[in-house]
Structure formats: structure tokens, C-alpha cells
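No lab work stands behind these numbers, since they all come straight from the coordinates. Since this is a predicted model, take the numbers as computed values, not measurements. Every residue, glycine among them, receives a Cβ derived from its backbone with ideal geometry; neighbour counts consider all protein chains shown.
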Amino acid sequence: MSPGAAPRQQEHWDWRAAGNFMCGGAGTGLAAFAAAAAVAGASFVIPGLAALALIAAGLFFVWLEIGRPWRFINVVINPHTSWMTREALTSGPLFAAGLAAVWFDSAVLAAVTAALALVFLYCQARMIHASKGIPTWREDRVVPLLVTTGLAEGGGAFLAGTAALADPFGVGLAAALAVLALVALRWWFWVRYFANLRHGGAPAGALDVLQSLQAPFILASHIGPILLIAGGLAFPPLLTPGFVLGGLLAMAGGWAFKFTLITRAGFNQGFAIRHTPARGAGPGGPGVKPGWSAR
């Protein structure tokens, strides 16, 4: 069979699409942490503005990706089937509630913002999962993995920020414990996701890319943050550097994973035949699925 039948990396979504998922996920996670802190008595203003800025940056990347920028208006016309449309429609109320929460520094409005941010994050995860022609994206475990990744990114950013600012509202301990739990949960979802791909079969090129990501992703983005944050909790002199570095690693690791998933591991499924035709009398031969591996 021709080499052209083998899976190839998709080229429709590039670094700009990856930027939407990276910034959008971190921004929604940060909004959730900022709202939780606001309910506990902290100010929503600075982390809320940072969260909205990240989400806006992600949407700007999407606008850059559109060949004719004003075509983005077409995004909002198909809410009954498109997760991209649902994401876009959620962004309006999200920014309205978020800006109002910042202006009034209101814990109630911050909680509304967080709820809308979580809907936005879920839409992003389902958007990737709905791309059925990409085996690494349509795997069911990708949804909880991406949701947890966004929360861990935002939590890491919040933890690093509060530690760098000497935690004026005293929310660092709770944030540290939450980030530890989210990083551990993301690790578990990653293991399940990658194991399902290897067991169920996926394009060999995509598996090779994810295999090359696995060691640094686990070491730098999970074990590293866990040791740094736990070390800061156990040894107070290490608290600030441990929280800052651990939080930044938790966020950076999520960004590296998303960038890789979109721009390097997004192989299409290629072409296959159920069985090879027989020449003359007799049964056909086995099916052919070039470029796939079930490791």
C-alpha cells in the first residue's frame, strides 16, 4: 500500500490552536482558584484580571488562526452540535461576570465567574475529543486529562503568585494542598490515557511522540512539583521557592503536554482495508492498516 495511506500529523491546528488550549486552560483554572480564595476572604482583583487576560490571549490565538479574521462570527451559529460554538458562547458571560467581579471585588460574582470558567474548560476538552479523525484526541480519557491539566495549570499559577507576593491573604496552604492533589490526579489520568492508547492501538508516530514526552512530563511536571511543594510544607525556609517553582512547573508541564498533543501527536488515522482482495479463487488476505501500532 502507498506510503500516503499511513497516518500523518494534522496541519489544520497549529501553535495558535495550541495557544488557545494552553492559555484558556490555565486562565480558567486560575479563575477557579481565585474565586475559591475570594470566597475565603481574599481579593479577586489581581488573580481575576490575570485569569481573564490568559483566556483572552487564548481566544486571540484562535482569531489569528482564522484565514479571514472576521469569519469568527460564523463560530456562534451552531451551538447544538459544536463544542467550539459552546466555548465561544460561554466566553461572553464569562468575561462579563469576571470584569464585574473584578470591578466590585465580589466573592459572589467571582464564584459565578469560576462556574462559567469551568464550563469553558469543559468545552475545550470536549472540542478536542470531538475530533474523531485524530486517534490521540478521540480517546475518552483525554477529557478528564485536559480538565485536570487546566485546573493544575491555573492552580500552579495561583500558588506561584501568592507565594511570590508573600501570601498576603493566607491562602497558600490550601492552594498548595489543592495543587498537590490535582498534579497527582493529572498523573493518574495521564497513565490511564497513554495505557489505553497503547493497548487499543494508535498511529505509531503519535505513540512515539507521546513516549518521548512521558519521562520529562512525569519527572518535571509531576514528581518535581510534588517534591518542591511538599518540601516547602515540611521545611518553612523552603516554602516560598518551593511553592513558586513547584507551581510554575505544574503549569509549564501542562502547557508542554498540550502543545505536543496538538502540534506533534495529532496524527490522523490514515487509510485501511478490512482484507486484501484475492487474486483468482480463494479467500482474501488479512486487512492492512499501515502506520499503526498496538504496543
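Listed values, structure above:
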read-out	value
Cβ-Cβ FRET estimate between Arg8 and Ala56, R0 fixed at 30 Å, reported to 0.05	0.35
Per residue convex hull volume, Cα atoms of region 11-265, in Å³	109 Å³
In Hz, Karplus ³J(HN,Hα) per residue of region 194-210 (6.51, -1.76, 1.60; θ = phi - 60°; x = Gly, Pro)	5, 5, 5, 5, 5, 6, x, x, 7, x, 4, x, 5, 4, 4, 5, 5
Pairwise FRET efficiency - Ala40 versus Arg198, Cβ, R0 = 45 Å, nearest 0.05	0.60
Sequence-distant residues sharing a close amide H with Gly266 (under 5 Å, placed H)	Gln10
Per-peptide average of other Cβ atoms within 10 Å, ordering 212-223, 143-154, 250-261, 88-99 highest first	143-154, 250-261, 88-99, 212-223
